[in-house]
Amino acid sequence: MGNQIRTTILLAVMTVFVVLIGQLLGGRQGMVIALILAAGMNFFSYWYSDKVVLRMYRAHEVRPDQAPEIYDIVKTLSERAGLPMPKIYIIPKESPNAFATGRNPEHAVVAVTEGLLKILDREEIMGVLAHELAHVKNRDILIGSIAATMAGAIMLLATMARWSAIFGGGSSDDDEGGGLGFIGLIAMSIIAPIAAMLIQMAISRSREYLADSTGAGFAGHSEGLARALEKLGAYSVKIPMDANPSTAHMFIVNPLTGKSFMSLFSTHPPLEERVARLRGTKTSGHSAGRTKGNMQSDAKAFWDKLSR
């Protein structure tokens, strides 16, 4: 319940930013237009975000006879979680990763990359898929889509505010609360996108921890997911995915690893911390260093395998 309340508050703050920028741009009228824009983007996201992201990564659906092992794992986990059987998609990418999407459990999709299937064993794949089904169970996929579209709306409006300030636009009618003028527009155009990104990060990070814990319960143990996270973290450094930053929060590990600037604004908590929580240990300098060493060793072995 704590996570749900926190998420609601954070989404409400994002809505406030949309309203404030709209008011600065055009008073009450601008505020109404901004709200309509946000509502329209959320409506589109609710109905079509899954199709957009699957098409973005050229994912293709697989039948039970095409991927019997994955289908069997997902079927078993879905029954344990009390969820309808989701559709299964394969992403033609060597970078190992996975995500879940869909507007509700009845229309859910789990997608894994070809690279993930090559490097993980059955227990590790089960851990990853259990994590994704936990997102479905907790309805994180809808919340993530709304957060992403709200952030997109804020960034679009912030860009409009910046250009409006440069060319002397914006609301100047004090009766409509638009008297903040140039300074207000410039300040909001800088602060709002950063705040939106930080809020999106906070929503995603708290729900990754919850999905790890819930997924471990579906799988029956946490070790498979813990090992999978170690491997995925190592390989994503060697083979980063060409991913759209707006979808980074959907993946089980950050697909933008190694892309300097964007990695500073990671939507995921540290892998070492996630692994430590799954194993019931505290992250320390020694354990973090040992995990990093294991990751580097695993990455080198996998890279050598690909080079053969």
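Say we look at segment 240-260 and pick out the residues that are in a helix (DSSP H, G or I) and among the hydroxyl-bearing types (Ser, Thr, Tyr); which of these is modelled with the highest pLDDT?
Filtering segment 240-260 for residues that are in a helix (DSSP H, G or I) and among the hydroxyl-bearing types (Ser, Thr, Tyr), the one modelled with the highest pLDDT comes out as THR247.
Looking at GLY82, GLY40, GLY127 in this structure, which one is out of contact with any Lys or Arg (no Cβ under 6 Å at 6 or more places or on another chain), over 30 Å from THR159 (Cα atoms), of a type outside the set (Lys, Arg) and surrounded by fewer than 14 Cβ atoms within 10 Å (Cβ to Cβ)?
Within the list GLY82, GLY40, GLY127, the selection yields GLY82.
Would you check if there is a residue in segment 201-215 being part of a loop (DSSP other than H, G, I, E, B) and either modelled with pLDDT under 80 or in contact with a helix residue (DSSP H, G or I) (Cβ under 8 Å, 6 or more places away or on another chain) (or both)?
no
In segment 143-151, is there at least one residue being in a helix (DSSP H, G or I) and either at positive phi or at pLDDT 95 or above (or both)?
Scanning segment 143-151 turns up no residue that is in a helix (DSSP H, G or I) and either at positive phi or at pLDDT 95 or above (or both).
If a residue has to be surrounded by 12 or more Cβ atoms within 10 Å (Cβ to Cβ) and out of contact with any Phe, Trp or Tyr (no Cβ under 8 Å at 6 or more places or on another chain) to count, how many in segment 55-78 make the cut?
Matching residues across segment 55-78 total 12.
For segment 69-79, state whether one or more residues are assigned to a helix (DSSP H, G or I) and in contact with a Gly (Cβ under 8 Å, 6 or more places away or on another chain).
No, segment 69-79 contains no residue that is assigned to a helix (DSSP H, G or I) and in contact with a Gly (Cβ under 8 Å, 6 or more places away or on another chain).
Is one or more of the residues making up segment 85-94 assigned to a helix (DSSP H, G or I), in contact (Cβ under 8 Å) with a residue 60 or more places away in the chain and either over 14 Å from ALA67 (Cβ atoms) or among the hydrophobic types (A, V, I, L, M, F, W, C) (or both)?
Looking for residues that are assigned to a helix (DSSP H, G or I), in contact (Cβ under 8 Å) with a residue 60 or more places away in the chain and either over 14 Å from ALA67 (Cβ atoms) or among the hydrophobic types (A, V, I, L, M, F, W, C) (or both), one finds none in segment 85-94, hence no.
Condition check: part of a helix (DSSP H, G or I), at pLDDT 75 or above and charged (D, E, K, R). Does ARG28 satisfy that?
Judged against the criteria, ARG28 is a match.
Please verify whether ALA192 is modelled with pLDDT of 70 or more and surrounded by 15 or more Cβ atoms within 10 Å (Cβ to Cβ), treating the condition exactly as stated.
yes
Does GLY82 satisfy the criteria of being small (Gly, Ala, Ser), at positive phi and at pLDDT 95 or above?
Answer is yes for this residue.
Answer yes or no: is there a residue in segment 25-35 that is without any contact (Cβ under 8 Å) to a residue 40 or more places away in the chain, of a type in the set (A, V, I, L, M) and under 24 Å from PHE218 (Cβ atoms).
Checked segment 25-35: no residue is without any contact (Cβ under 8 Å) to a residue 40 or more places away in the chain, of a type in the set (A, V, I, L, M) and under 24 Å from PHE218 (Cβ atoms).
Could you figure out which of (1) more than 20 Å from the chain's Cα centre (by Cα); (2) modelled with pLDDT under 85 isn't true of GLU123?
(2)
The values are calculated or read from the model by the stated rules, or taken from the named source; none is laboratory data. All figures in this text were calculated on a predicted structure; none of them were measured in a lab. No Cβ is skipped: glycine too gets one built from the backbone with ideal geometry, and neighbour counts run over all protein chains shown.
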